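To keep things clear, I will list the structure first and then write my remarks on it.
A short reminder: the numbers here are calculations on the coordinates, not readings from a lab. These numbers were taken from a predicted model, which means no experiment stands behind them. As a convention, Cβ positions derive from the backbone with ideal geometry for all residues, glycine included, and neighbour counts pool all protein chains shown.
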Amino acid sequence: MKVRYVGTTFGFGIDGLTNHKIYNCIAIESPFLRVIDDSGEDYLYSAINPGEFEGESEGYWEIINDNKNRDLFKLMNTNKK
């Protein structure tokens, strides 16, 4: 599965997410996505409001490639605010 992060860049290439970058999503652990981030390691990020843990983030994911069961689509549309 692949997702694009849209929001404020944070971590600056160390252990964060970059605006408009496409990431591999290796697992869904509802309500989180396990994503290979800029560090090259896998971390959990909110499926609905990804970003830094401190404070509110205005970021979101765009689905680039879902699995055949459409699990990303289901998770993101079930848990919307």
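One table, with the values for the structure above:
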| item | result |
| --- | --- |
| Exposure proxy order (Cβ contacts within 10 Å, fewest to most) of 10, 73 | 73, 10 |
| Residue 64 long-range amide H proximity, modeled H, under 5 Å | 2, 3, 4 |
| Per residue Cα convex hull volume in Å³ - calculated over the chain | 78 |
| Distant-in-sequence amide H partners of residue 8 (H built 1.01 Å from N, under 5 Å) | 58, 59 |
| Exposed GluC sites (Glu not before Pro) absent: longest stretch of the chain, with sites in DSSP loops and at most 11 other Cβ within 10 Å deemed exposed | 1-40 |
| Trypsin sites (Lys or Arg not before Pro) restricted to the range 7-76 and DSSP loop, no more than 13 other C-beta within 10 Å | 21, 68, 70 |
| Whole-Hz ³J(HN,Hα) from phi, Karplus 6.51 cos²θ - 1.76 cosθ + 1.60, for the range 27-43, glycine and proline x | 6, 10, 10, 2, x, 10, 10, 8, 10, 7, 8, 5, 6, x, 9, 8, 9 |
| Rel. contact order, % - alpha carbon contacts under 8 angstrom, at least six apart, the chain | 30 |
| Added length on full extension, which subtracts the Cα-Cα distance from 0.36 nm per residue, residue 39 to residue 27 | 2.6 nm |
